[in-house]
1. Are any of the residues in the range 19-31 of a type outside the set (Phe, Trp, Tyr), within 12 Å of PRO54 (Cα to Cα) and touching a residue at least 12 places away in the same chain (Cβ under 8 Å)?
2. All but one of (1) at pLDDT 95 or above; (2) among the acidic types (Asp, Glu); (3) closer than 13 Å to ILE172 by Cβ hold for ASP95; state the number of the condition that does not hold.
3. Output the residues belonging to the range 18-53 that are farther than 20 Å from CYS134 by Cα, in a loop (DSSP other than H, G, I, E, B) and more than 13 Å from the chain's Cα centre (by Cα).
4. Restricting the search to the range 139-176, which residues are under 17 Å from PRO96 (Cα atoms) and of a type in the set (Lys, Arg)?
5. Just to be sure I understand, how many residues within the range 120-137 are surrounded by fewer than 20 Cβ atoms within 10 Å (Cβ to Cβ) and either in the same structural domain as THR16 (by TED's automatic domain parsing) or at pLDDT 95 or above (or both)?
6. Among what's in the range 6-17 and is in a strand (DSSP E or B) and of a type in the set (Ser, Thr, Tyr), pick the residue that is nearest to PRO132 (Cα to Cα).
7. Quickly run through the range 138-178 and pick out the residues that are surrounded by 18 or more Cβ atoms within 10 Å (Cβ to Cβ) and touching a residue at least 40 places away in the same chain (Cβ under 8 Å).
8. Go through (1) modelled with pLDDT of 85 or more; (2) small (Gly, Ala, Ser); (3) over 17 Å from GLU122 (Cβ atoms) and name the single condition GLY70 misses.
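The values are calculated or read from the model by the stated rules, or taken from the named source; none is laboratory data. None of these values were measured; they are calculated from a predicted model. All Cβ positions, glycine included, derive from the backbone under ideal geometry; neighbour counts span all protein chains shown.
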Amino acid sequence: MNKISEHILSRDITATVIPAGDSVTLAAGTSAHVMQTLGGSVTVRTDRGLFRLPRESVDALEGFDVATLGVDAAGGGGAEFSEAAVWAAMKTCFDPEIPVNIVDLGLVYDLSVEKTPTGGHEVEVKMTLTAPGCGMGPVIAEDARQKIAALPTVESAKVHIVWDPVWTPQMISESGRKALGLE
């Protein structure tokens, strides 16, 4: 788990409301408690609620060490394309309220990789969410899509949110259960 720390925003920034998924502006001078720093984004709590900050806005948190975010890349780091690299990329995507990646949460149901005529790759993923009404779904899916698209030779990346089968906590992997203290 991350250590909670308090910071002041040095400038206005755009953030995503958790769990609604709406974009809002957080004003300069706002006090923000960093709750989670996973997958290259930061979850903060303010007097207005929980928000997800994109990596490009994190420098607005006065005194926050951006280096603590680690690698935000797809996990492949310039290596050759492989299905394993796609899975690694998805393991860098997190629900901003849960400190477990989308793969270990059991949210990824299907991965399809097709070769293109030019020798590249088209990647399609089917994933679900822990709750159908979660407004963060499009944000999480877009995070996964961007990280997959950043892999070498990926020409097209699509992430579809599906609801069948319905997600249950039994779908969480053993390492996910350990991270959540469920074992």
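1. no
2. (1)
3. ALA27, ALA28, GLY29, THR30, ASP47
4. Scanning the range 139-176 gives ARG145, LYS147.
5. Qualifying residue count for the region: 4.
6. Across the range 6-17, the extreme among qualifying residues is THR16.
7. The initial filter retains those residues of the range 138-178 that are surrounded by 18 or more Cβ atoms within 10 Å (Cβ to Cβ), namely 139-141, 143-145, 147-148, 151, 154, 157, 159, 167, 172, 176.
Across the range 138-178, the qualifying residues are VAL139, ILE140, ASP143, ALA144, LYS147, ILE148, LEU151, VAL154, TRP167, ILE172, GLY176.
8. If we test GLY70 against (1) modelled with pLDDT of 85 or more; (2) small (Gly, Ala, Ser); (3) over 17 Å from GLU122 (Cβ atoms), just (1) comes out false.
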